[in-house]
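Data first, discussion second: the structure below is written as structure tokens.
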Amino acid sequence: MAFGVNKTPEYLRMNPMGLVPTIDDDGFVLSESMAINLYLAKKHKSALYPADAKSEALAWQWSLWETDRLDRQIVDYQRHASQLPANERKPEVAEKAWGECSAAFDVLEDTLKKKKWLAGSDFSIADLNVASALYRALTVDLSKWPHVKAWLAACWERPAAKQARAMREGK
């Protein structure tokens, strides 16, 4: 987006919102990272995609839950707590966003007290989607939520996650 490719007529024909990511899979155009991850995992019969209907439903549930309960909230919190220039920060926005993040972390903590992964007995697309969206939480004090902290660390310790993080951070 920094280079403006997402605002070109070609890109806007694929994704009129001009947002990333968007993929073109042999003429099938799809946007939204969670949808792309779910689609690719299922299409390629990845071990990350749950084999049974209940685990599949949980993968969808947690992916949708994250986009509603944590995605914008953690972005707003970090921007207004530390990332924006001090004169552009709005403490009330950071406080409200943190309250919403805390409530969501409470839900995640309660779930992870009972099981290691979100949708089945193994790391799955649900964990990948939620943990990748919580990249920003890697710099947040999660000591109040020890199960979330351990789960997030385990997700980001996976070799593919380390590689993605290194690419994202320019290492």
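The values are calculated or read from the model by the stated rules, or taken from the named source; none is laboratory data. A quick note: this is a predicted structure, and the numbers were derived from the prediction, not measured. All Cβ positions, even for glycine, are placed from backbone atoms using ideal geometry, and neighbour counts span all protein chains on display. Ligands, DNA and RNA are excluded from the accessible area calculation, which covers all protein heavy atoms including side chains. Shrake-Rupley method; radii C 1.70, N 1.55, O 1.52, S 1.80 Å.
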Is the shape of segment 128-171 best called rounded, prolate or oblate, per the rule: a/c under 1.5 gives rounded, else a/b larger than b/c gives prolate, else oblate, with a ≥ b ≥ c the square roots of the Cα gyration tensor eigenvalues? prolate
Environment charge of residue 20, counting only residues whose C-beta is closer than 14 Å and scoring Lys/Arg +1, Asp/Glu -1: -1
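Would you list the membrane-span-like helices of the chain, meaning whole DSSP H runs whose alpha-carbon atoms span at least 18 Å along their axis and whose mean Kyte-Doolittle value is at least -1.0?
Result, helices passing both filters: 53-66, 91-114.
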Using the alpha-carbon centroid of each, what span in Å lies between segment 1-28 and segment 131-148? 30 Å
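Just round it to a whole percent: the fraction of Cα-Cα distances in segment 14-113 exceeding 20 Å. All intermediate terms of the calculation are to be shown ahead of the outcome.
Details: 2770 of 4950 pairs.
More than 20 Å apart: 56 percent of the Cα pairs in segment 14-113.
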Taking a straight Cα-to-Cα line shorter than 19 Å from residue 115, and setting aside same-chain aspartates and glutamates fewer than 8 residues away, one finds 52, 56, 66, 106, 127, 157
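Express the accessible area of segment 1-137 per residue in Å², computed with a 1.4 Å probe while the remaining protein chains stay in the model. Walk me through the intermediate numbers first.
Details: 8130 Å² over 137 residues.
Heavy-atom accessible area per residue stands at 59 Å².
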Excluding ligands and nucleic acids, what accessible area in Å² is computed for residue 69 using a 1.4 Å probe, to the nearest 10? 120 Å²
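Considering all projection directions equally, how large on average is the shadow of the alpha-carbon convex hull of segment 1-50, in square nanometres?
On the way: hull surface 15.7 nm².
Approximately 3.9 nm², given one-decimal rounding.
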Can you sort 115, 54, 42 by 1.4 Å-probe accessible area, starting with the largest? 54, 42, 115
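If I compute solvent accessible area with a 1.4 Å probe over the protein chains, what percent of it on segment 20-171 is carbon and sulfur? Present the calculation step by step, with values, prior to reporting the outcome.
Details: 4800 of 8890 Å².
Reported share for carbon and sulfur atoms: 54 percent.
If I take every Cα pair under 8 Å that is 6 or more residues apart in the chain, average their sequence separation and divide by the length, what percent do I get for the relative contact order? Numbers along the way, then the final one.
Numbers: 160 pairs, mean separation 31.2, N = 171.
Computed value for the chain: 18 percent relative contact order.
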Under 10 Å, Cα contacts only: if you run a Gaussian network model on the chain, which one of 130, 107, 29 comes out with the highest mean-square fluctuation? 29
Debye sum, Cα scatterers, the chain, no solvent: what log₁₀ I/I(0) at q = 0.16 1/Å? -1.09
re segment 98-171: pairs of Cα atoms spaced beyond 14 Å account for a percent value of 61 percent
How big is segment 58-125 on each of its three principal axes, counting only the C-alpha atoms and giving the largest first in Å? 47, 19, 15
In what sequence, largest accessible area first, do 58, 70 appear using a 1.4 Å probe? 58, 70
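How much mean residue ellipticity at 222 nm does the chain get from its helices, if each DSSP H run of length 4 or more adds -39500 (n - 2.57) and you divide by all residues, to the nearest 500 deg cm²/dmol? Numbers along the way, then the final one.
Details: 8 runs with 92 residues, N = 171.
Roughly -16500 deg cm²/dmol at 222 nm, from the helical runs in the chain.
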Under 20 Å from the Cα of residue 171, which lysines turn up, not counting those fewer than eight places away in the same chain? 162
Show which lysines lie in cross-link reach of residue 113 when reach means a straight Cα distance below 18 angstrom and same-chain residues fewer than eight apart are skipped. 144, 149
Distance from the Cα centre of segment 44-99 to that of segment 116-130, in angstrom? 15 Å
